[in-house]
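The values are calculated or read from the model by the stated rules, or taken from the named source; none is laboratory data. Just so you know, these numbers come straight off a predicted model, no measurement behind them. We place every Cβ from the backbone using ideal geometry, glycine too, and count neighbours over all the protein chains shown. Please note that ligands, DNA and RNA were not included when accessible areas were found on the heavy atoms of the full protein model with its side chains. Shrake-Rupley method; radii C 1.70, N 1.55, O 1.52, S 1.80 Å.
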Amino acid sequence: MGYDTHVCLVSAQPLPNLIPILHRDLRPRRVVLLVSDDMQQRARTLGEILPQWGLAVESRPVSHTDGDAVRKAVEAILAERKGERVVLNVTGGTKIMALAAYEAFRAAGQPVFYVDTDSDEIRFLWEGPVLPMANVVDTTTYLRGYGYKITEVRGSVPDAWTVAARTMGAQVGRWREALLALNACCEGVAKHKLATPRPVEYSAGMGEVLSLLERHGLVRVEVARGRRYLRFPGPEELGFIRGGWLEVYVYDLVRRMEGALEPLMGVKCLSARGVTNELDVVFTFRNRLFIVECKSGKWKHNKGMPYKLDAVREKVGGLFGRVMYVSVDRVSDLEYLRAQEWKMQVVQGEEIAALPDILQAWTGAGRRGEG
């Protein structure tokens with residue numbers, strides 16, 4: 001069913017443009033973007049992304065308020081491509097732009113479709129199939145579509161560390177207080193030559209946690225004057241124990257999820273204006289961006305997190321972004337309610353052990369659609 005040319009009304013949200021272009025059943029040879037004045041930057045971004053799939057891209061300026069001018073511009077495109085299979089994606093643009101473009105295509109007997117993101121379907125308006133959306137937009141493409149360039153990604157960790165993180169995540173219910181105490185104990189370690197300045201208090205679960213970490217070469221327990229101190233082999237091990245283990249745990253779960261595209265950990269991405277955002281774990285699933293923020297310390301050090309995450313979701317994820325907050329400590333009732341009101345997923349304390357199932361429900365795994 002492939003087409004020679006896609007004609008697209010450029011939208012502030014790039015997914016309705018990208019998904020059908022990259023869909024294996026609709027993929028064209030070239031793309032014509034109809035661009036209003038306020039969408040010039042978005043069109044430039046799409047013009048940088050699409051050629052990597054071997055697509056020729058051109059832009060045509062149109063008015064977002066002059067329907068007659070839009071109709072004439074579309075008629076000119078159709079006349080230039082007489083004999084080709086041309087299709088219109090009418091999802092984006094203003095209502096005036098969409099109606100005018102639709103009228104021109106309808107008069108020419110050429111197909112028109114729109115992207116229904118609620119049902120995950122591509123629907124033709126009079127004749128044609130209903131197609132499930134393809135799972136095609138990976139993390140890098142999604143972020144680029146919103147004007148962000150990835151500048152740094154945390155590399156893989158040793159397998160032994162991943163095994164340790166899996167155990168810690170599964171045992172948060174029993175080890176929560178010990179993990180919080182361990183996080184606090186690690187504060188200030190960098191100034192003391194990778195050794196804890198204060199002795200470790202062996203509260204419930206601490207012995208088990210430290211035994212696990214020692215077995216995997218992440219820490220060494222040293223005794224001085226009858227007190228136990230921790231010494232770390234290097235700054236990477238310190239970072240893992242101080243909280244990196246939770247990111248590794250979440251990342252490991254995501255990368256084993258069927259359908260999750262390009263999961264990344266420890267991401268820094270730069271906006272077109274030079275603003276850097278840091279994302280603990282990020283991935284796409286059925287063309288939506290999922291961001292997971294991980295916190296392994298006391299909640300009092302992370303007050304106001306819903307505000308921060310809402311800003312990150314709006315800037316980086318756009319209309320289709322989703323955010324989850326994973327915290328070893330329990331959040332305050334007020335901030336939990338605020339997160340719920342803003343449709344953020346909160347996973348806290350002992351709930352972390354159930355994260356594999358929670359991730360499946362959160363992403364909508366199992367919903368119909370093309371994989």
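Here are the numbers:
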item	result
Pairwise FRET efficiency - Arg24 versus Glu278, Cβ, R0 = 30 Å, nearest 0.05	0.30
Per residue convex hull volume, Cα atoms of the stretch 70-136, in Å³	102 Å³
Stokes-Einstein translational diffusion, the stretch 1-107 - Kirkwood Rh over all Cα pairs, 0.692 mPa s, 37 °C, in µm²/s	243 µm²/s
Kirkwood Rh in Å, taken over all unlike Cα pairs in the stretch 264-345	13.2 Å
Net charge of neighbours whose Cβ lies under 10 Å from the Cβ of Ile19, counting Lys and Arg as +1 and Asp and Glu as -1	0
Full-extension gain in nm, Leu319 to Glu350, via 0.36 nm per residue minus C-alpha separation	8.1 nm
With all protein chains modelled, accessible area of Trp342 [1.4 Å, Å²]	70 Å²
For the stretch 154-237, convex hull of alpha carbons as volume per residue, Å³	97 Å³
Calculated P(r) tail over 26 Å for the chain, as whole % of Cα pairs	57 percent
Inter-site label distance for Gln360 and Lys298 at 7 Å from Cα along Cβ, in nm	3.7 nm
Enclosed volume per residue, in Å³, of the convex hull spanned by Cα atoms of the stretch 121-182	212 Å³
Inter-centroid distance (Cα atoms) of the stretch 101-131 relative to the stretch 154-178, Å	48 Å
Distance in nm between pseudo-label sites at Gln41 and Ser332 (7 Å out along the Cβ direction from Cα)	3.4 nm
Under 19 Å from Lys82, Cα to Cα: aspartates and glutamates that are on another chain or at least 8 residues apart	Asp4, Glu58, Glu103
Local electrostatic count at Glu350 - Lys and Arg +1, Asp and Glu -1, tallied over other residues with Cβ under 13 Å	0
Heavy atoms of Thr94 accessible to a 1.4 Å probe, total area in Å² rounded to 10	50 Å²
Rg/Rg_globular for the stretch 230-371, with Rg_globular taken as 2.2 N^0.38 Å and Rg from C-alpha atoms	1.06
Extension gain from Ala204 to Arg166, taking 0.36 nm per residue of separation minus the Cα-Cα distance	11.7 nm
Helix runs (DSSP H) in the chain reaching 27 Å along axis by Cα, Kyte-Doolittle at least 1.6	none
For the stretch 177-308, the Rg and Dmax computed from alpha carbons only, in angstrom	17.4, 57
Reduced Cα scattering model of the stretch 42-95, Debye log10 I(q)/I(0), q = 0.22 Å⁻¹	-1.10
Environment charge of Ser211, counting only residues whose C-beta is closer than 13 Å and scoring Lys/Arg +1, Asp/Glu -1	+1
